[in-house]
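Encoded as structure tokens, the structure appears first; notes follow it.
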Amino acid sequence: MNAPRKALPAIDTARCTGCGWCVAVCAPHVLSLQVQGPQAWGPKRSRLHDAAACTGCALCAVRCPFDAIRMVRVGPSHAVRDDAALSHTSGGAAVV
């Protein structure tokens, strides 16, 4: 049985440059680069697209050269939140 996850990555889209380092180190492949906004083209930013499959290992946060990823604590009583809630442009979340 897997150990319970203690944190999920929260991506600050204002700091993210879309370099892809976090996506490259993500073993469960739950991060991806996606275009922001309604257009099918433009600058890409990292996004957590499968919070339920995230192991909480924090390799993405450690590898990010722009300090755009923080690990947000999740408790046993909290259900996995919507992925969009973990992509933000400003602080305010409890970070590890």
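No lab work stands behind these numbers, since they all come straight from the coordinates. For clarity, every value in this text was computed on a predicted model and none was experimentally measured. No Cβ is skipped: glycine too gets one built from the backbone with ideal geometry, and neighbour counts run over all protein chains shown.
Note on Thr17/Arg73: beta-carbon distance plugged into 1/(1 + (r/R0)^6) with R0 of 25 Å gives a FRET efficiency of 0.45. In terms of other Cβ atoms within 10 Å, Trp41, Trp21 run from fewest to most in the order Trp41, Trp21. In terms of surrounding Cβ atoms within a 10 Å radius of their Cβ, Lys6, Lys44 rank from fewest to most as Lys6, Lys44. Here the spin labels are modelled as points 7 Å beyond Cα on the Cα-Cβ line, and at Ser32 and His49 they lie 0.1 nm apart.
Computed extension length for Ala24-Trp41: 4.0 nm, one decimal, from 0.36 nm per residue of separation with the Cα-Cα distance subtracted.
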